[in-house]
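Each remark here refers to the structure printed beneath this line.
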Amino acid sequence: MRDEAMRHRNRHERSNEMNMRKALPRGMTISATVCAVVSSAAFAEDSLIRGSIGLGVSYGPSFLGSDDSESGVIPIIDLEIGRYGFVNQRGVGLYNSSTLGGGTLKYGVGLGYDFDERLTKDNAVLAGLDGIEAGAVATLFADYETGRWSFDLELQKGLSDEGHEGTLVKVSGTYGAQISQRVRVSATPYVKWADEAWMDSYFTVTPAQSLTSGYTAFEAGSGFAQGGITLTASYALRPKTIVFTSLDMSTLMGDAKDSSLSFEDTQTSLSTGVMFRF
């Protein structure tokens, strides 16, 4: 029974790592954060609502491709409801899990809100361009955990007219290690592919926009847009209180890198925060 409780606890910790990696908006990102969250297996099994809440501070690019940075304070919410429901960075959704090989496959769908936006009123360098507002998104995902490794596939589709209506696919893998009873570290390499609609929203400069903004006209097509790695360390102050720090380093790729709207190819974000499990 003790071994089974430990396996359940480890699976729950890795699940929270995957959720936190994608948690919050770009530019003030804790979206790449990987946190080891210590939980009680018995408590988690008996609770209708279980998970973690917290608060983070992040410093990173103002928007994808920006050479300016900004900071922000962002809430963290990662809850499981009953057997199939969740509320987290993917929004409100349903999931299921099953044993596959020597690991656990978790898959589902969520309906949420993408806070990532690029508003011309917020940055003078965007004058003459169309703004991209935050909006609703639908997400399909599949996560596979085995031992110290986890592998994630996420497909996100924009649903709002004011935002992007494109599709973004992210593939990532994580290796996590428990250094001591309190300290956990992880590394998460990832790559993102975007369809033409998504790339067009962020990196195309039409001839008309070129005249009003002064940037060289550019037509962005579908392809790989970004690749990087996230390094995270967490420390358990108490069994259910965890502090973390995460460094995300990435580079733009393909047409995203070649666009005249790419002011800085290398994107770096630093985040830290605290989480409370219940």
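Some observations on this one:
- When 276, 141 are compared by accessible area of protein heavy atoms, the largest-first order is 276, 141, using a 1.4 Å probe.
- Whole-percent carbon and sulfur share, accessible surface of the range 120-189, 1.4 Å: 57 percent
- In the context of the full protein assembly, residue 149 retains an accessible surface of approximately 120 Å², using a probe radius of 1.4 Å and ignoring ligands and nucleic acids.
- For the range 79-178, average projected area of the Cα convex hull in nm²: 8.4 nm²
- Cα-centre dipole for the range 65-173 with unit charges at Cβ (Lys and Arg positive, Asp and Glu negative), debye to 20: 640 debye
- Relative contact order %, the range 104-201, counting alpha carbon pairs below 8 Å whose residues are six or more apart: 21 percent
- Accessible surface, 1.4 Å probe, highest first, among residues 261, 94, 237: 94, 237, 261
- Above-threshold pairs, the threshold being 27 Å between Cα atoms, out of 121/257; 106/240; 170/257; 106/192; 192/240: 192/240
- The residues of the range 61-195 expose, per residue, 48 Å² of accessible area to a 1.4 Å probe.
- Probe 1.4 Å - accessible area at residue 117, Å² to nearest ten: 70 Å²
- Accessible area of residue 57 in the full protein assembly, 1.4 Å probe (Å², nearest 10): 70 Å²
- Taking a ≥ b ≥ c as the square roots of the eigenvalues of the alpha-carbon gyration tensor, the range 52-93 is classed oblate because a/c is 1.5 or more while a/b is no larger than b/c.
- Three-way shape call for the range 175-278 based on the alpha-carbon gyration tensor, with the a/c threshold at 1.5: prolate
The values are calculated or read from the model by the stated rules, or taken from the named source; none is laboratory data. Predicted model, so just to flag it, every value in this text is computed and none were measured. Note that each Cβ is placed from the backbone with ideal geometry, even for glycine, and that neighbours are counted across all protein chains shown. The area values use the complete protein model at the heavy-atom level, side chains included, leaving out ligands, DNA and RNA. Shrake-Rupley method; radii C 1.70, N 1.55, O 1.52, S 1.80 Å.
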